[in-house]
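A short worksheet on the structure shown next.
The values are calculated or read from the model by the stated rules, or taken from the named source; none is laboratory data. Because the structure is a prediction, the values reported are computed rather than measured. Neighbour counts run over all protein chains shown; Cβ positions are idealised from the backbone, glycine included. Protein only, heavy atoms only, side chains kept; ligands, DNA and RNA dropped before computing areas. Shrake-Rupley method; radii C 1.70, N 1.55, O 1.52, S 1.80 Å.
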Amino acid sequence: MDDSQVLKERKVVGVVGGGTMGHGIAQVFAQSGFEVKLNDITSELIQAAVKRIDDNLSRSVEKGRISKEEKTEILSRVVPIRDLEDFRDALFVVEAVIEKIEAKTAVFKTLDKICSKDTILTTNTSSIPITQIASLVSNPQRVAGMHFFNPVQVMKLVEVVKGMQTSESTIETVRLMSKKLGKTPVVVSDSPGFISNRILCPMINEAIFALEEGIASKEDIDTVMKLGMNHPMGPLELADFVGLDVVLDVLEVLYREFQDPKYRASPLLRKMVRAGYLGRKTRKGFYDYS
Ligand code: CAA
């Protein structure tokens, strides 16, 4: 297959996982004219993802960015899929399930069986090596990282991650696809944390150390980075937004892979994750969202 075929509108794209990232990814593909098959492990989760997309699009209608008719059209391009077998005709797939290798393994082994050997298989992982995920399929040249940022509908960046065996043509297709979605792609070699999380998570970790050492209050630490560095959110607010468990996972990967103590996670971060204070998703993190 000519890789450029996949970039045409109305082509079928599969999105596995409809959570925080997956629903946003499905939405941006549908907005760009693709038929999106959206899968998750239960019908309830798929319906919840479709509802989130519906709500986001309603907001766009209210703001006058799209018409009611356009909303209906975009939504009609999102097809809930209970069984991954229905991804048979997908030319491009984005996996956005939980950050557990067991879950990703199950998805990629199934996709390997049912999709065409030319289907581009991408993963939104932020911490699992692309080379490891690619090794799960029979044709690892067509596997790449496609790392979106939260909220996907708003954030302009996609890190396109090249695993050890990823072909140049796969990278080019993923890069062009990202552009088609209105994003700016940056190609990165498979390396722990890629670029984004290698820089972001140590910064957040340092802010948590500063809090733990009593240097300043959480509000003041965030204010320094917002007003002093023009960041839209302070690092502690951002940790709550990303999820403290995600930040800890990334730090563990950086620490383990580089064997460098500079990536040591702060004891306070560990304690908060153990307490179940994961940020916005549990309504409690550094701040209270109840
Ligand atoms: N879903 C969809 N749209 C959202 C949204 C969400 N969860 N949250 C905000 N938005 C939209 C709003 O609808 C609004 O759009 P319009 O103005 O066009 O209506 C726009 O974003 C701005 O929102 P607000 O005015 O409500 O708030 P804001 O100006 O404070 O912006 C923000 C919100 C965009 C989230 C901003 O605070 C921001 O950029 N924060 C930093 C986000 C960030 O760093 N994300 C990357 C995290 S790292 C990651 O994702 C990768 C990883 O591997 C860990």
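Counting only Cβ charges, +1 for Lys and Arg and -1 for Asp and Glu, the dipole size of the range 25-141 around its Cα centre is about 200 debye. Think of a 1.4 Å ball rolled over the protein heavy atoms: the range 85-205 then has 39 Å² of accessible area per residue. Every pair of different Cα atoms in the range 127-211 enters the Kirkwood calculation, which places the hydrodynamic radius at 13.7 Å. The simple spin-label model puts a point 7 Å past each Cα toward its Cβ; for Ile98 and Thr72 those points are separated by 3.9 nm. Across the range 247-290 the C-alpha pair distances fall into 5 Å bins from zero in the proportions 5, 24, 25, 18, 14, 9, 4, 1 percent. Comparing mean-square fluctuations of Gln31, Gln132, Gln259 from a GNM of the chain with C-alpha springs under 10 Å, the top value falls on Gln259. A cut-off under 12 angstrom between Cβ atoms defines the neighbours of Ser178, and their net charge, with Lys, Arg +1 and Asp, Glu -1, is +3. Across the range 153-272, Cα-Cα pairs farther apart than 16 Å form 66% of the total. Site pair Thr110 and Ser290 shows an inter-label distance of 3.7 nm when each label is modelled 7 Å from Cα along Cα→Cβ. In a simple Cβ point-charge model (Lys, Arg +1; Asp, Glu -1; nothing else charged), the chain has a dipole of about 260 debye relative to its Cα centre.
When the Cα positions of Asn230, Gly214, Tyr289 are compared along the charge dipole of the range 150-290, Tyr289 comes out farthest toward the positive end, with charges on each C-beta of Lys, Arg, Asp and Glu. Of the complete DSSP H runs in the chain, those spanning 15 angstrom or more by Cα along the long axis with a mean Kyte-Doolittle score not below 0.5 are 196-212, 244-258. Each pair of Cα atoms in the range 1-122 enters the Kirkwood radius, and Stokes-Einstein at 4 °C and 1.567 mPa s then converts it into a translational diffusion coefficient of 89 µm²/s. By the Stokes-Einstein formula, at 0.692 mPa s and 37 °C, the chain with its Kirkwood radius over alpha-carbon pairs has D equal to 166 µm²/s.
With the Cα gyration tensor of the range 203-252 giving a ≥ b ≥ c as the square roots of its eigenvalues, does the rule (a/c under 1.5 for rounded; else a/b larger than b/c for prolate; else oblate) give rounded, prolate or oblate? Because a/c hits 1.5 or more and a/b fails to exceed b/c, the range 203-252 counts as oblate.
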